[in-house]
Amino acid sequence: MHSYTLSGLAQRLVNDALMSNEEAHEASSEAANQNTPLVRHLVGNKILDARDIAISAANEFGTPVFDLDAMDMEMAASALIDEKLIRKHNALPLTKRGNRLYVALSDPTNLQALDEIKFATGISTEAVIVEDDKLARIIEKVLEAMDTAMEGLDDADLEDLDISGGDEEPASGDVSEKDTEDAPIVRFVNKLLLDAINKGASDLHFEPYEKAYRVRFRVDGMLHEVAAPPVNLAGKLAARIKVMSRLDISEKRVPQDGRMKMKLSNNRAIDFRVSTCPTLFGEKIVMRILDPTSAQLGIDALGYDPEQKRLYMEALHQPYGMILVTGPTGSGKTVSLYTGLNILNTPERNISTA
C-alpha cells in the first residue's frame, strides 16, 4: 500500500510502540504533503508527546536530550546566526564551547540545519535534542527579543533620507548589495543618525564585541550607550555605514576614512566624518558630526574669554600665518575653525579648505 519505507525516526517510534506501523506511514505521508517536519507534525497535531519523541530520537541517534527550561536563554548563543536560519530550520544555537557550537533541534535527522549553521558561523556543530513544543516557544521568545532591540524603526521616512557619500566609488565585496540595502538596517542607521543630531551629539561609536554590540553617542564630552542591536548584525551595520560613506566594503582589515552628507532640508545638511578600525570581533566605526550651521553661531557663542577672543580675532585678520587649534574630543576645535572661516568668507576672498 505504501511505496516508501519509514525514516529512521518514524521506525524508531514504531519500535518503541509509541505508534503503529500504519499510523507512522500515515503521519509521514501527511507531513511530507504539508512540507512540515515529521516531529512538528506529530507534536502540533497532538499525535505524540514531545518528550516521548525526544527520548526515542535520542536513543535512535545517540544524541543527548536537553530540557530547555533548565537553561537561562539570555546566555544562549542565538546571536551568532541570522534569525532567518533559526526560522528556516527550527534550530537554535545554545552554547559555544571551544570550537564547537551546540545546536538545539527537535528533529536529529535535520542535518541540513547543522551544515548551514556550521557554514554561517565557521564553527563545528553538534546536535542536542529538545522537545519540539518548548523549542518553538523559546525560538519565538528569542526572535522577539531580537526584534525589540530594533524597535522604533517604523517611521517610513527613515528609508528615504537624502544621504550622499564622498567622491570614491565603493568596491563590491563579500557583503551583498542586498545586505546593505536591507530596509530594517537602513532605517536603524538613519534613525541613529537623526537621534544623534537631535540630541546634540558630537560623535557616534559603533562597537562590536564577542557577545554584544553597542552604539554610543558622545554628548557634552561624555559617552552614553543608546542602543544594543543583536551582535549578528555587526557586519550588516558596518557594511551599510561604509556604503553610505563610499568606503571599500570588501576591505575589513585596514582602517578607512570617509565622509558623508545627510540632507535634512533644503537649507540644512549635516556632514559626517567616518573612521573605521578593525578589531577582534568586527569593525569599530566612529562617526563625527560636523554641523555647518554651528559656524553661524558667531564668535560670541564659542564661550571664549574676552582676551582669548581678542587674540583669536587678531590672528584671524593677519595677512598670513597659521592658527593651530588643539584640544580633546568635543572641545570645539572644528566649530572654532568653522566660525573663523565664516568670518573670513567675504566676497573678495578666495577660500580653499583641505
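Brief remarks follow.
- Diffusion coefficient, µm² s⁻¹, Stokes-Einstein with Kirkwood Rh over alpha-carbon pairs of the range 177-298 at 4 °C and 1.567 mPa s: 88
- Tensor-based shape of the range 309-354 (alpha-carbon gyration tensor, a/c under 1.5 rounded, otherwise prolate or oblate): prolate
- Crossing angle, helix 132-149 versus the chain [Cα axis fit, 0-90 degrees, rounded to tens]: 10
- Amide H partners (placed H, <5 Å) of Ile249, local residues excluded: Ala171
- Out of every Cα-Cα pair that the range 32-93 contains, those further apart than 20 angstrom amount to 43 percent.
- Kirkwood radius and radius of gyration were both taken over the C-alpha atoms of the range 262-354, and their ratio Rg/Rh is 1.04.
- Descending Cα extents along the principal axes, the chain, whole Å: 99, 34, 33
- Values of log10 I(q)/I(0), in the order q = 0.19, 0.20 Å⁻¹, for the range 179-234 under a Debye, Cα-only, solvent-free model: -0.68, -0.74
- Couplings 3J(HN,Hα) for the range 263-271, derived from phi with the Karplus relation 6.51 cos²θ - 1.76 cosθ + 1.60 (θ = phi - 60°), are 8, 8, 7, 4, 10, 9, 9, 10, 8 Hz, where x marks Gly and Pro.
- Ordering of 312-323, 206-217, 250-261, 98-109 by packing is 98-109, 206-217, 250-261, 312-323, highest average first (other Cβ atoms within 10 Å, averaged per residue).
- Calculated diffusion of the range 21-146, Stokes-Einstein form, Kirkwood radius summed over Cα pairs, 37 °C and 0.692 mPa s, µm²/s: 221
- Where the range 42-132 is the region considered: accessible area per residue in Å², 1.4 Å probe: 50
- Annotation: amide H of Ser106 within the under-5 Å range of Val130, sequence separation 5 or more or interchain, hydrogens built in the peptide plane.
- Per atom type, the chain shows carbon and sulfur on 49% of its accessible surface, probed at 1.4 Å.
- In order along the range 297-306, the phi-based Karplus estimate (6.51 cos²θ - 1.76 cosθ + 1.60, θ = phi - 60°) of 3J(HN,Hα) comes to 5, x, 4, 6, 7, 7, x, 6, 5, x Hz; Gly and Pro are listed as x.
- Rounded to whole numbers, the Karplus 3J(HN,Hα) couplings from phi for the range 191-202 are 5, 4, 5, 5, 4, 4, 5, 5, 8, x, 6, 9 Hz, using 6.51 cos²θ - 1.76 cosθ + 1.60 with θ = phi - 60°, and x at Gly and Pro.
The values are calculated or read from the model by the stated rules, or taken from the named source; none is laboratory data. Computed from a prediction, not measured in an experiment: that's the story for all the values here. Cβ atoms come from the backbone with ideal geometry, glycine included; neighbour counts cover every protein chain shown. Heavy atoms of the whole protein, side chains included, go into the accessibility calculation; ligands, DNA and RNA do not. Shrake-Rupley method; radii C 1.70, N 1.55, O 1.52, S 1.80 Å.
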